[in-house]
Amino acid sequence: MRDELGSPSERLLQAVWFHQRIVRENLKTTDGRSVQILHPGFWNHEAGPDFRKALLRFDDDKACEGDIEIDLRSAGWRDHGHDKNPNFRGVKLHVVWERDEPAPMPTLSLRDLLDSPVSELAMWLGSDSSQQFPANLLGNCCAPLRELGSDLRQQLLQQAGIVRLQSKAAHLKARARQAGSEQALWEGLFRALGYKNNVWPMQRLGELRPRFAPADQKLDLLQMQARLLGIAGLLPQDLSRGAKVADGYVRGLWDCWWRERVAFEEFTLPRSAWRFNNLRPANHPERRLALASHWLLDVQLPARLERWCTKQIKDAELVNSLLATFELGTDEFWSFHWTLRSKRLKSAQPLIGATRVTDLAVNVVLPWLWMRAVEGKNTSLQEKIEARYLAWPAAEDNTVLRLARNRLLGGASARELRGAAAQQGLLQIVKDLCEQSNAICEQCRFPELVREWRL
């Protein structure tokens, strides 16, 4: 856990900060200001600052909320480009092992503040205790939620999940008033294809659907993919570079796009609108737009979703039944490529699978169908959709759920959330309550609400 100079690794410093393995009394920044760590923040394992929503007090100022960035040396702030990255504008404290140059912000050096020698802390980092969520960072609701017991807690989370279903439905309804029910569905589907990295450019493409895919215009698959990739700004400019096997398809796209790109020039997105870091190959926006092209050519998709809603389907068959509704045939290019320039895969890979269908179900399809049932005043269908929602199997785990399980449920495993509705309920609690309070749960009413709900 040491580099050649004997200093700790950055990973060790992050763990030290998270567990506050420092002497916390009389802390001072490198410019002489006193600082109190009221909360160290929550470890961010994705792009951006290392810790989010820390609570700090400098000198006699009021407590402030902000992010924490950790580097071995203060020069890391500039060397790593944090000074030019807008994601780091919320950083309130730069935590370093040692200061090697003047810093543009409050900086705390840990070199003389560790509560144990680096060698002992390196051994601790490999122990079970370092992997556990610190008890002093648990939310105030953790105890009352634990007291409920597993079954009651599941009921509470499912009720919160129904609230989330209705909230998503209300969002779709608001959009449907402006653009129509079917357009609201398409925008929701595009937004879901963006996942967490590319929601906004995908949503913009969904909003543009009536312009590039009008109902009175018949396009083939290559033309639709050319339009989507062209308007997205994702068509490569250099046709001579990359895998030759892709060149024929890419040239075909350009043959379609060059004839009409001027007509769509005012809508074309810059490539800089997209984020490609930390993406799984299957989630690359080029491949997601290829999938959307198939859907757009299927004019019966909305009606088929409504028919799916009325069918009698066993709970164990829900995912596969919806997957069949969205299912595509083999795409000659995209079933064998992750991107426009990737090598050809040895075997065909589906453009959509069970995991993605679950995300579409809980975030778009079931809320949209519930909204349609409400509009039609069909109470029995509303209840059927809610029952289907409650029966839907759990989605893939994610960073927000892991933090919520640690903080609110005392480190409960992913299996504790039995079904997608319970997961959605936990996310709704985070949105409605955790995100409206600070890290030390000031003025959060959720613990009180849990106790009242139990009664």
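Residues that are out of contact with any Phe, Trp or Tyr (no Cβ under 8 Å at 6 or more places or on another chain), charged (D, E, K, R) and open to solvent by 40 Å² or more (accessible area, probe 1.4 Å) within the stretch 375-397 comprise GLU375, LYS377, GLU383, LYS384, GLU396, ASP397, listed in sequence order.
Counted as qualifying within the stretch 37-115 are no strands (runs of 3 or more DSSP E), as none has 3 or more residues that are of a type in the set (Phe, Trp, Tyr) and in contact with a Phe, Trp or Tyr (Cβ under 6 Å, 6 or more places away or on another chain). Being under 17 Å from the mean Cα position of the chain (by Cα) and open to solvent by less than 20 Å² (accessible area, probe 1.4 Å) is the requirement here; does LEU417 meet it? No. Here is a list of conditions, (1) open to solvent by less than 20 Å² (accessible area, probe 1.4 Å); (2) farther than 21 Å from VAL319 by Cα; (3) assigned to a helix (DSSP H, G or I); (4) of a type in the set (A, V, I, L, M, F, W, C), and TRP453 meets all of them except one; can you say which number that is? Exception for TRP453: condition (1). Among the residues of the stretch 322-343, those that are within 15 Å of ARG304 (Cβ to Cβ) and either of a type in the set (Ser, Thr, Tyr) or under 25 Å from the mean Cα position of the chain (by Cα) (or both) comprise LEU322, LEU323, THR325, PHE326, GLU327. Of all residues in the stretch 142-163, which are in contact with an Asp or Glu (Cβ under 9 Å, 6 or more places away or on another chain) and not small (Gly, Ala, Ser)? Correct list: PRO144, ARG153, GLN154, ILE162, VAL163.
Only residues that are modelled with pLDDT of 75 or more, more than 25 Å from ASN198 (Cα to Cα) and touching a helix residue (DSSP H, G or I) at 6+ places or on another chain (Cβ under 9 Å) were counted across the stretch 234-255, and they come to 2. None of GLN131, GLN155 is more than 24 Å from the chain's Cα centre (by Cα), free of Cβ contacts under 8 Å to residues at least 24 places away in the same chain and farther than 16 Å from LEU401 by Cβ except GLN155. Of all residues in the stretch 187-218, those satisfying the criterion of being within 20 Å of the chain's Cα centre (by Cα), assigned to a helix (DSSP H, G or I) and in contact (Cβ under 8 Å) with a residue 60 or more places away in the chain are GLY188, LEU189, PHE190, ARG191, ALA192, LEU193, TRP200, PRO201, MET202, ARG204, LEU205. Of the residues making up the stretch 302-315, those that are in contact with a helix residue (DSSP H, G or I) (Cβ under 9 Å, 6 or more places away or on another chain), part of a helix (DSSP H, G or I) and either without any contact (Cβ under 8 Å) to a residue 24 or more places away in the chain or under 15 Å from SER380 (Cα atoms) (or both) are ARG304, GLU306, ARG307, TRP308, CYS309, THR310.
The residue that is nearest to ARG11 (Cα to Cα), among those in the stretch 124-136 that are in contact with a helix residue (DSSP H, G or I) (Cβ under 7 Å, 6 or more places away or on another chain) and part of a helix (DSSP H, G or I), is LEU125.
Of all residues in the stretch 380-419, those satisfying the criterion of being of a type in the set (A, V, I, L, M) and over 25 Å from LEU138 (Cβ atoms) are LEU381, ILE385, ALA387, LEU390, ALA391. Going through the stretch 333-352 one residue at a time, which ones are open to solvent by 30 Å² or more (accessible area, probe 1.4 Å) and either on the phi > 0 side of the Ramachandran plot or touching a residue at least 60 places away in the same chain (Cβ under 8 Å) (or both)? Residues satisfying the conditions are ARG341, LYS343, ARG344, GLN349. Inspection of the stretch 353-374 identifies at least one residue that is surrounded by fewer than 16 Cβ atoms within 10 Å (Cβ to Cβ), assigned to a helix (DSSP H, G or I) and β-branched (Val, Ile, Thr).
When HIS284, HIS294 are checked against the criterion of being touching a residue at least 24 places away in the same chain (Cβ under 8 Å), open to solvent by less than 60 Å² (accessible area, probe 1.4 Å) and either charged (D, E, K, R) or farther than 27 Å from GLN217 by Cα (or both), HIS284 stands alone in meeting it. May I ask you to verify whether ALA176 is surrounded by 15 or more Cβ atoms within 10 Å (Cβ to Cβ) and part of a helix (DSSP H, G or I)? Considered against the rule, which asks whether it is surrounded by 15 or more Cβ atoms within 10 Å (Cβ to Cβ) and part of a helix (DSSP H, G or I), ALA176 comes out as yes. Scanning the stretch 324-344 turns up no residue that is in contact with a Phe, Trp or Tyr (Cβ under 8 Å, 6 or more places away or on another chain), more than 28 Å from LEU427 (Cα to Cα) and in a helix (DSSP H, G or I). Within this structure, VAL319 passes the test of being open to solvent by 10 Å² or more (accessible area, probe 1.4 Å), under 24 Å from the mean Cα position of the chain (by Cα) and touching a residue at least 24 places away in the same chain (Cβ under 8 Å).
Looking at the stretch 436-454, which of its residues are without any contact (Cβ under 8 Å) to a residue 12 or more places away in the chain and among the small types (Gly, Ala, Ser)? Within the stretch 436-454, just SER437 meets the criteria.
The values are calculated or read from the model by the stated rules, or taken from the named source; none is laboratory data. Everything quoted here is computed from the prediction, not taken from an experiment. Glycine also receives a Cβ, built like all others from the backbone with ideal geometry; neighbour counts cover every protein chain displayed. All accessible areas refer to the heavy atoms of the entire protein, side chains included, with ligands and DNA or RNA removed. Shrake-Rupley method; radii C 1.70, N 1.55, O 1.52, S 1.80 Å.
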